[in-house]
1. When both residues are 6+ apart or on different chains and their Cβ atoms are under 8 Å apart, which pairs have a first residue that lies in the range 84-105 and is touching a residue at least 40 places away in the same chain (Cβ under 8 Å) and within 20 Å of Gly72 (Cα to Cα), and a second that is among the hydroxyl-bearing types (Ser, Thr, Tyr) and part of a helix (DSSP H, G or I)?
2. Could you identify the single residue in Gln88, Gln69 that is under 17 Å from Val134 (Cα atoms), modelled with pLDDT of 95 or more, loosely packed, with under 12 Cβ neighbours inside 10 Å and not small (Gly, Ala, Ser)?
3. Can we say Gly15 is closer than 30 Å to Ile121 by Cα, at pLDDT below 95 and of a type in the set (Gly, Ala, Ser)?
4. Can you pull out the residues in the range 1-56 that are of a type in the set (Val, Ile, Thr) and either in contact with a Gly (Cβ under 7 Å, 6 or more places away or on another chain) or over 28 Å from Val117 (Cα atoms) (or both)?
5. Just for the range 24-42: of the residues that are in a strand (DSSP E or B) and out of contact with any Phe, Trp or Tyr (no Cβ under 9 Å at 6 or more places or on another chain), which one is surrounded by the most Cβ atoms within 10 Å (Cβ to Cβ)?
6. Taking the condition of being surrounded by fewer than 19 Cβ atoms within 10 Å (Cβ to Cβ) and under 15 Å from Val39 (Cα atoms), how many residues in the range 117-137 meet it?
7. Of the numbered conditions (1) modelled with pLDDT of 95 or more; (2) touching a helix residue (DSSP H, G or I) at 6+ places or on another chain (Cβ under 7 Å), Gly21 fails exactly one; give the number of that condition.
Amino acid sequence: MEKLEDSWQILQPPGWKPPRGYVNGIAARGRMVFLAGMVGWNHQGVFESDNFVEQARQALQNIVETLAQAGGRPEHVVRLTWFILSKQEYLAQLDALGLAYREVMGRHYPAMSVVEVRALIEDQAKVEIEATAVIPE
């Protein structure tokens, strides 16, 4: 178990191969913040790109900006759930997606899940990301 701060701890069972790009779990203490699913549109609700990676980058940026309203930062995110339309598109762009992720979130990797779905409510959206954060007291 790696200690991030006084109120955070990464949960890594002994002998398990460390995951890449996420963690198995985080134990945290503090103010909990729950963010709605964010899609890759700008502040005016307009999609500027149909590119999967660009939409993911914008969705992550929307998460960071919304979290800041509670005094949070990317490193306070303890869980992300990604809803994607195409597993193949996601896997084919992992390198570019990882770069976009690090540009917005830094090298902070929370617990994550990725779920392929048949559709999203916003027709132009290719990805929607929910976030949970814990801001230390």
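1. Pairs found: none.
2. Criteria check complete, one pass: Gln69.
3. no
4. Applying the first criterion (of a type in the set (Val, Ile, Thr)) to the range 1-56 yields 10, 23, 26, 33, 39, 46, 53.
Across the range 1-56, the qualifying residues are Ile10, Val33.
5. Filtering first and then ranking leaves Met38.
6. 8
7. (1)
Listed here are the residues, each with its yes/no results for (1) farther than 22 Å from Val104 by Cβ; (2) out of contact with any strand residue (DSSP E or B) (no Cβ under 8 Å at 6 or more places or on another chain).
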| position | (1), (2) |
| --- | --- |
| Asp6 | yes, yes |
| Gln9 | yes, no |
| Trp16 | yes, yes |
| Asn24 | yes, no |
| Ala27 | yes, no |
| Val39 | no, no |
| Asn42 | no, yes |
| Phe47 | no, no |
| Asn51 | no, yes |
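The values are calculated or read from the model by the stated rules, or taken from the named source; none is laboratory data. Nothing here was measured: the structure is a model prediction, and the numbers come from that model. As a convention, Cβ positions derive from the backbone with ideal geometry for all residues, glycine included, and neighbour counts pool all protein chains shown.
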